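What follows is a short report on a single structure.
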Amino acid sequence: REREKERKKKEKESGRRRKSRYSNTISTQRKNKWSEKLGQITDEDVITVAQRIRPRQALRALEKGLAPDSIVATDIGNVCSVSNSYLHFNHKGPSMLAAMTFGNCGYAFPAAMGAKVAAPGRNCVAYCGDGAWGMQLNEVMTCIRENVPTTAVVFNNGQWGAEKKNQVLWFGDRYVGSQLYNPWSYADIARSMYAEGITCTHVDEVTDAMVQANKNQSEGKTTVIEIMLTKELGDPFRRDAMKLPVRHLEKFKGTIQSRESATGQPVDL
């Protein structure tokens, strides 16, 4: 009887190991397939704009420059939601901070600052759109005053991207409250607060900017990296929650859309 129990135990353990190996193989295959697909999406041709960088190419370049021990906080917004696909963490312990379904705009930089206070030995970075950055840029002063060296990456594309994507897909590119006029430089504003400021207008500058920011942070300096992006937009947050509107009032029937945007991109791309 004891031998039979031992035999069944070994069979069970052997089956568990086989199942684990199979699961790991499937997981690796899926990751490799997604990595290949992501590379294709990153390098797809959209419209090139002088002195502007395509969002996905900027995110890939940032990925290459991030320190291995980085903690990254991402804000809400179109580019930041896309950024989650380009973040990879190998460090033990919490490394990814995100607003998730709370949807609290202006979350990322204070979260990264808190991470720096909690883990002063790690490189702490925030990803923010230019809309969200307007709600938290004053915290650069806090970093300087309280000696909390943190890095912010600001995606400057002159729009509230998440809201604008909805207006592109379902509202006939009639933009209401989603365009941002930014005649200033966020890097200049950072320098006026005695932080470091770097502006990137070409993708070849982005990795070096992040590497420099990592170095600055290790020396006790806060850095704002301003990346000048095109107006290209990624997928919407909740395609399942939105659909083409139905117009019942006569005065609005001229705005009826028969189908979603063919390109999924703004007309001012």
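Is it true that residue 73 is assigned to a helix (DSSP H, G or I), in contact with a Cys (Cβ under 9 Å, 6 or more places away or on another chain) and not hydroxyl-bearing (Ser, Thr, Tyr)?
Taking the combined requirement at face value, the residue does not satisfy it.
Name the single residue, out of those in the range 176-197 being touching a residue at least 24 places away in the same chain (Cβ under 8 Å) and assigned to a loop (DSSP other than H, G, I, E, B), that is nearest to residue 105 (Cα to Cα).
180
Out of the range 36-59, which residues are of a type in the set (D, E, K, R), closer than 20 Å to residue 268 by Cβ and over 17 Å from the mean Cα position of the chain (by Cα)? Show your work before the answer.
Pass one, the range 36-59, residues of a type in the set (D, E, K, R): 36-37, 43-45, 52, 54, 56.
Okay, now just the ones that are also closer than 20 Å to residue 268 by Cβ, so 44-45, 52, 54, 56.
Residues satisfying the conditions are 44, 45, 52.
Search the range 42-63 for residues that are touching a residue at least 60 places away in the same chain (Cβ under 8 Å) and β-branched (Val, Ile, Thr) and pair each with any residue that is in a helix (DSSP H, G or I) and open to solvent by 50 Å² or more (accessible area, probe 1.4 Å) when their beta-carbon atoms are under 9 Å apart and the residues are at least 6 apart or on different chains.
Note: pairs meeting the criteria are 53/205.
Quick check on my filter: what residues within the range 198-226 are in a strand (DSSP E or B) and open to solvent by 70 Å² or more (accessible area, probe 1.4 Å)? Quick ask: steps written out before the conclusion?
First pass over the range 198-226, keeping only residues in a strand (DSSP E or B): 198-200, 223-226.
If the condition is that a residue be in a strand (DSSP E or B) and open to solvent by 70 Å² or more (accessible area, probe 1.4 Å), then no residue fits.
The values are calculated or read from the model by the stated rules, or taken from the named source; none is laboratory data. Because the structure is a prediction, the values reported are computed rather than measured. Note: ideal-geometry Cβ built from the backbone for every residue, glycine included; neighbour counts use all protein chains shown. We work out accessible area using only protein heavy atoms, side chains counted, and drop any ligands, DNA or RNA first. Shrake-Rupley method; radii C 1.70, N 1.55, O 1.52, S 1.80 Å.
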